[in-house]
Every structure is written in C-alpha cells, then in structure tokens.
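> Below is the structure I would like to discuss, written out as structure tokens.
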Amino acid sequence: MRTVKIDSRDAATGPVLEIVGDLDYGTAHQLRDRVARTALRPGQRLVLDLSRMDFCDSSGITALIAARNHAAAVQADVALAGVPGNTLRILRVVGLDQVFPIHPDARSATDARSATDARSATEV
C-alpha cells in the first residue's frame, strides 16, 4: 500500500508543504484536502516541496493543479520545489512547466525576491 506524508512549515513568503512518498490515485486527495485547509493571503506563495516525493501519477498532477487553483483564488501563487526528474519530465511533456514556477529546492522557492519576480511576471 502506497502512502504519502505531508509536512508543513511557514516561510517568509508563505506556507511550505513537503510531500513525502507517493502522490497517486490513493493519496492525492490528502494533498487536495491539506491545501484546502492551508490559509493563504493575497501575495503569498504556497511552495510544494516535492524533493522527497517518490512517485506521482495523473491524480497527483491533478492535485498539484488544484493547489495552483486554490492559490489563484486568493490571489496567491504556488511554486514547485525539488521536483524529481521523472515528474519534471511529465510536467514538461504536458506543458505544466510553463504554468508552475519550478525551483531546484524549497530554499530558492521561498526566497522573497524570487516570489516577487514570479508575481510580477504573472501580472504582466
């Protein structure tokens, strides 16, 4: 049985959710539920740290899109950090690398300057 663990912490730019394990059909609802319960304010950045994610299927990708939609609804943004190579390949194939800001790690994703730059780019 595959499992996922979602840890959270606060950063200067907003909440960081670290996904550990498998994000798939059986577990993606846990990320959707956790994101829905995550308080976001306009201008904040929700960072999804995927550096410890082992597997992601289409249900997991859908949960990432739902997180983006949740952030957009409150005028916040979302960034992916530490995306594993196999997941990054999928994001590129379907064009989601053009939708999500992607950072090498959570630290760079929570850098205040990179968060400001991402907001400015989406406002143009």
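> What is the sum of charges, Lys and Arg at +1 and Asp and Glu at -1, for the other residues whose Cβ falls under 10 Å from the Cβ of Ala12?
Working: positive: Arg45; negative: Asp10, Asp111.
Its environment carries a net charge of -1.
> So what is Rg over Rh here for the chain, counting just Cα atoms and using Kirkwood for Rh? Let's see the in-between values first.
Numbers: Rg = 13.2 Å, Rh = 14.1 Å.
Result: Rg/Rh = 0.93.
> How large is the charge dipole for the chain, taken about the Cα centre, if only the Cβ atoms of Lys, Arg (+1) and Asp, Glu (-1) carry charge, to the nearest 20 debye?
Working: 15 positive and 15 negative charges, 33 e Å.
About 160 debye.
> Could you tell me what a quarter of the Cα convex hull surface of region 31-92 works out to, in nm² with one decimal place?
On the way: hull surface 16.1 nm².
Computing the convex hull of the Cα atoms and averaging its projections yields 4.0 nm².
> Just to be sure I understand: with springs between alpha-carbon atoms less than 10 Å apart, which residue in Gly26, Gly95, Gly60 has the highest mean-square fluctuation in the Gaussian network model of the chain?
In the Gaussian network model the winner is Gly95.
> For the chain, calculate the relative contact order in percent as a whole number, restricting contacts to Cα pairs under 8 Å that are 6 or more residues apart.
On the way: 221 pairs, mean separation 30.8, N = 124.
That works out to 25 percent.
> Hey, another quick one. Using a 10 Å cut-off around each Cβ, can you sort Val83, Val99 from fewest to most neighbouring Cβ atoms? Could you put the intermediate results ahead of the total?
Details: Val83 24, Val99 14.
Placing the least packed residue first, the sequence is Val99, Val83.
> What does the net charge come to around Asp57 if you take all other residues with beta carbon closer than 15 Å to its beta carbon, with K and R at +1 and D and E at -1?
Numbers: positive: Arg2, Arg32, Arg89; negative: Asp22, Asp24, Asp54.
Neighbour charge sum, excluding Asp57 itself: 0.
> Want the number for Phe55 to Arg2: 0.36 nm per residue separation, take away the alpha-carbon distance, what's left? Mind showing how you got there, number by number?
Details: separation 53, 0.36 × 53 = 19.08 nm, distance 0.95 nm.
Extending this stretch completely gives an extra 18.1 nm.
> Over region 4-118, what is the percentage of antiparallel beta bridges among all DSSP beta bridges, to the nearest 5? Mind showing how you got there, number by number?
On the way: 8 of 22 bridges.
Counting only bridges with both partners in region 4-118, antiparallel ones make up about 35 percent.
Each reported figure results from applying straightforward, stated rules to the coordinates on display, with no laboratory input. Given the structure is predicted, the values throughout are model-derived calculations rather than measurements. Cβ sites come from the backbone with ideal geometry, for glycine too, and all protein chains shown count toward neighbours.
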